[in-house]
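Novice: So that we are looking at the same thing, I have put the structure below in structure tokens.
Taken together, the values in this text are just the output of simple stated rules run on the coordinates, not laboratory data. Values in this document were obtained by computation on a predicted structure and should not be read as measured data. With ideal geometry, Cβ positions are generated from the backbone for all residues, glycine too; neighbour counts draw on all protein chains shown.
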Amino acid sequence: MKGLVEGLRATGPAISNILASSGTAGAAVGVLHHGEVVHMAGYGFKDVGHQLPMDQNSIDSLFSLTKFMTAAALGFLLDANGASWDSTLVSLVPSFRHHNATVQQETTLRDLLSHRVGLAQYSALFMQDFGRLYLDKSEILTTASALPLTAGFRENRSPTSLGEYLMKHFFEPLGMTRTSVIRGPGGGDASEGYMALADSTPARTERPFVGDDQIMFGAMGVNSCVKDLLAFYSEALRAGADQLARGATSTEGSPFRHVPTLWSSQVPLPESSLLERSYALGLFRLQLPQPMTSSTMNSGRLPNPPVVARGSPPQLALYHGGNSAASQNWAILLPETQSAIVVLTNTMANCDAANLIGSMLLETLLDSPQKNDYEELSRIASNAGIEQWRTLHASLEKKRIIGTHPKPLASYTGKYWNHVGNFYFEVFLDECGSVAFAFQGDRTTSHSLRHYNNDVFAWTLTQDENVATGRFPYTSEGPWLLKFEAKGETIEGLRWNQNGIRDGEYFHKGEYCNSFSTAN
């Protein structure tokens, strides 16, 4: 064990170099092995301006690491409510509606937790500048009812909120005193938020607006630190081993129930490998050694993803990432050896630094005979991340039709509503007479529009301009174009391809009404 601890400590200089090349302000790491914490360390700063160091107690927004916590909470609830993983959502929440009858009647808890309902990922609809969430938590069912299908289907009883439930049954019993389900004030143990500029320096931005009082809490809302997460995953691993050994669904004294189901394969992932790659309930499954490419922003930035743990004996890894506009996180579980690796950062960097650091710690833990050069991979992926912004601008300029003209600019002004009437663009003329828009009418974070061609306008930002607005770094073309649709000379609506999905969502011009066709 002494050699392992020394090896983990020896990764410090490489981790610092990864932070520098990626533009990450700070990172905290922790390693669990055979159920015992063997390593915790911090690198860089949780607050650059005040030079406050990052450590195992620094609190970050977990984002998608929350998903397994939500799955675990539902596992705890199943027995108490007489439900099962295959209970339909509408039987548990009768107010759930969806325009597709199959989705409404047949969606189960298992479908939701394994992301196989086939609904579009319209996260950009509710999270805008500085990570501000423009839709209230109460809007979740309304918003879900209008999400289009982008894949084939399956390709309240409690007055307590999910956050309160997690606190009462998991976090408090496990002694997770620095874990919260609301966005607390800054200072103390809370990390500040950062985004990497094009020169790979971190720039201060807002900490994410997440918590139990916000929409999508179950997918991204918990705030925690490395020390607390090691306690959480340690108990999950202990309960999982016990339940697998006894063929049981619960463990005495543990809040974790149905762990073998939580860890079981639900959806195979299409990859060019005979080794298993699948999604469980809130975690990805991977048979090592092979590339760990799901749930990481590095998948599009490394043309040859590294094979993780080359030369090590095969074993199952469960893992997930968690990315926001101001954090990148990574967690890996190895049930066979009761091991866990946690990496939390406070920066949306030019590459997924947490993924690379986590993979390096994994190879150190396993003493893999063929280790990857993660410092070099960080440089390659960071350069690719910066280049994606240049490619975006060049591609849009190449596709622009020169010589076209817009209609009179005033004809584009007005409110443009989504189908269910809970989200709109306000398009207006600014003090210079140019076209601008604001999400939900919030002109404090408005954006200028530039004529692109015909009735299409662009609001493309450079990487550093995007950092200044605190927006998630989308580098596909769709989110940056507003395509107005006209009947004759009258503008009737617009389309916004916010997440690169088909032709984009249709927004109806005028005061909200629900009379226009859902086929748009």
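Novice: Please compute the modelled spin-label separation between Ser448 and Val307, points set 7 Å along Cα→Cβ, answer in nm with one decimal.
Specialist: 5.2 nm
Novice: Here's a follow-up. How many lysine pairs in the chain, separated by 8 or more positions in sequence or lying on different chains, have Cα atoms less than 16 Å apart?
Specialist: 9
Novice: In nm, to one decimal, how far is the Glu336 label point from the Ala410 one, both placed 7 Å along Cα→Cβ?
Specialist: In this crude spin-label approximation the distance works out to 7.2 nm.
Novice: Here's something else I'd like to know. Applying a 10 Å radius around every beta-carbon, put 2-8, 341-347 in order of their mean neighbour count, most first.
Specialist: Packing order, densest peptide first, comes out as 341-347, 2-8.
Novice: A further question follows. Can you compute the helix-only [θ] at 222 nm over the chain? Use -39500 (n - 2.57) per DSSP H run of at least 4 residues, normalise by all residues, nearest 500 deg cm²/dmol.
Specialist: Counting only the DSSP helices, I get -7500 deg cm²/dmol.
Novice: Right, another one. With all distinct Cα pairs included, what does the Kirkwood hydrodynamic radius of segment 409-509 come out to in Å, to one decimal, could you say?
Specialist: Hydrodynamic radius (Kirkwood, Cα only) of segment 409-509 equals 13.9 Å.
Novice: How big is the dipole moment of segment 409-509 about its Cα centre under a simple scheme where the beta carbon of each Lys and Arg is +1, that of each Asp and Glu is -1, and everything else is neutral? Debye, nearest 20, please.
Specialist: Dipole size: approximately 180 debye.
Novice: Return the FRET efficiency for the residue pair Ala101, Asp430: r is the Cβ-Cβ distance, R0 is 30 Å, and the value is rounded to the nearest 0.05.
Specialist: For R0 = 30 Å, the calculated efficiency reads 0.10.
Novice: While we're on this one: Under the 0.36 nm per residue contour assumption, what length would be gained going from the current alpha-carbon distance of Glu276 and Glu489 to full extension?
Specialist: Here the answer is 71.1 nm.
Novice: Moving on. Once label points are set 7 Å from the Cα along Cα→Cβ at both Ala219 and Ser265, what is their separation, rounded to one decimal in nm?
Specialist: My value for the distance between the label points is 2.6 nm.
Novice: So between Leu396 and Glu206, what do we pick up on full extension, going 0.36 nm a residue minus the alpha carbon distance?
Specialist: Stretched out fully, the Leu396 to Glu206 stretch lengthens by 65.5 nm.
Novice: Let me ask something else about it. As an exercise, use a Förster radius of 25 Å and the Cβ-Cβ distance of Leu4 and Asp242 to find the FRET efficiency, rounded to the nearest 0.05.
Specialist: 0.50
Novice: Considering Cα pairs under 8 angstrom that are at least six residues apart, work out the relative contact order of segment 409-509 and quote it in whole percent.
Specialist: Value for segment 409-509: 22 percent.
Novice: While we're on this one: Can you compute the charge dipole magnitude of the chain about its Cα centre, using +1 on each Lys and Arg Cβ and -1 on each Asp and Glu Cβ, nothing else charged? Give it in debye, rounded to the nearest 20.
Specialist: 560 debye
Novice: When N counts the residues of the chain, how does its alpha-carbon radius of gyration compare numerically with 2.2 N^0.38 Å, as a ratio?
Specialist: With N residues counted in the chain, Rg over 2.2 N^0.38 Å equals 0.99.
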